[in-house]
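The values are calculated or read from the model by the stated rules, or taken from the named source; none is laboratory data. Note that the structure is predicted; figures quoted are calculated from it, not measured. Heads up, the Cβs are rebuilt from the backbone with ideal geometry, glycines too, and the neighbour counts pull from every protein chain shown. What goes into the accessible areas is simple: the full protein's heavy atoms, side chains included, and nothing from ligands, DNA or RNA. Shrake-Rupley method; radii C 1.70, N 1.55, O 1.52, S 1.80 Å.
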Amino acid sequence: LLIETLLMGNYSTRSGPWYVELSFNQGTLDVSNVVMAVAKGSGSANVALNIGGGTANLGAVSLSGSAATGTLNVAGGMVNMGGDITQAIAGAIGILTLNGGVLDMAGHAIGSAAAPLNFINFQSGTVLSIGEVNGGTATGAVVKTTAGTVTIDGTNTYRAYTIISNGVLRIPASGSIA
């Protein structure tokens with residue numbers, strides 16, 4: 001499946017709560033840009049892109065461009081990033097969860113100092129080559145709170161806080177954290 005821009009949850013007027021979800025579990029998904037949770041109405045929005053299998057080649061991913069919540073869940077398969085995972089504005093709610101599979105950041109960033117992701121949950125699986133996390137600020141630390149093993153491999157240059165309160169964080173000899 002080849003998509004130039006995947007626009008999820010873009011409403012100019014809407015009231016009350018609403019939810020938009022796309023789940024991908026097999027085959028190959030190629031998306032140049034993902035834009036999520038751009039709500040301008042008075043309602044509360046939750047938008048989720050769930051990758052449970054197959055191969056997803058994603059360009060830049062913007063999790064939230066408003067007061068809505070945007071979530072990228074990686075629970076299986078292989079996700080190759082061709083751009084940063086961000087949220088468009090400070091105060092939005094952006095959530096990245098790795099609970100299986102492989103997330104290859106290819107040197108790209110997660111969040112920024114100006115608009116940090118609120119929750120970065122690494123539960124299990126492998127993450128490769130993280131560029132930076134939230135611009136190296138204390139906001140939105142990488143958190144490991146569940147049983148299971150997360151492997152951080154490749155060349156990682158992030159300087160964010162990493163909190164491990166349960167499970168195992170593994171950095172093999174082939175991996176590095178600057």
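Examine region 153-160 for a residue that is within 23 Å of Leu49 (Cα to Cα), under 17 Å from the mean Cα position of the chain (by Cα) and of a type in the set (Phe, Trp, Tyr), and state whether such a residue exists.
We begin by selecting, within region 153-160, every residue within 23 Å of Leu49 (Cα to Cα); these are none.
Among the residues of region 153-160, not one is within 23 Å of Leu49 (Cα to Cα), under 17 Å from the mean Cα position of the chain (by Cα) and of a type in the set (Phe, Trp, Tyr), which makes the answer no.
Residues are listed down the side, and each one gets a yes or a no for (1) over 19 Å from Gly154 (Cα atoms); (2) open to solvent by less than 40 Å² (accessible area, probe 1.4 Å):
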| position | (1), (2) |
| --- | --- |
| Val31 | yes, yes |
| Val34 | yes, yes |
| Leu72 | yes, yes |
| Ala75 | yes, no |
| Asn80 | no, no |
| Gly101 | no, yes |
| Ala106 | no, no |
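In region 119-156, which residues are surrounded by fewer than 20 Cβ atoms within 10 Å (Cβ to Cβ), part of a loop (DSSP other than H, G, I, E, B) and at pLDDT below 85?
Across region 119-156, the qualifying residues are Thr137, Ala138, Thr139, Ala141.
Name the single residue, out of those in region 17-36 being among the hydroxyl-bearing types (Ser, Thr, Tyr) and over 16 Å from the mean Cα position of the chain (by Cα), that is farthest from Met78 (Cα to Cα). Let's see the steps before the verdict.
Narrowing region 17-36 to residues among the hydroxyl-bearing types (Ser, Thr, Tyr): 19, 23, 28, 32.
Retained after the next criterion (residues that are over 16 Å from the mean Cα position of the chain (by Cα)): 19, 28.
Values: Tyr19: 25, Thr28: 10 Å.
Ranking the candidates gives Tyr19 first.
Just to check your reading of the model, which residue among Asn80, Asn50, Asn73 is within 9 Å of the chain's Cα centre (by Cα) and within 14 Å of Val102 (Cα to Cα)?
Values: Asn80 fails: within 9 Å of the chain's Cα centre (by Cα); Asn50 fails: within 9 Å of the chain's Cα centre (by Cα).
Selected residue: Asn73, the only one of Asn80, Asn50, Asn73 that is within 9 Å of the chain's Cα centre (by Cα) and within 14 Å of Val102 (Cα to Cα).
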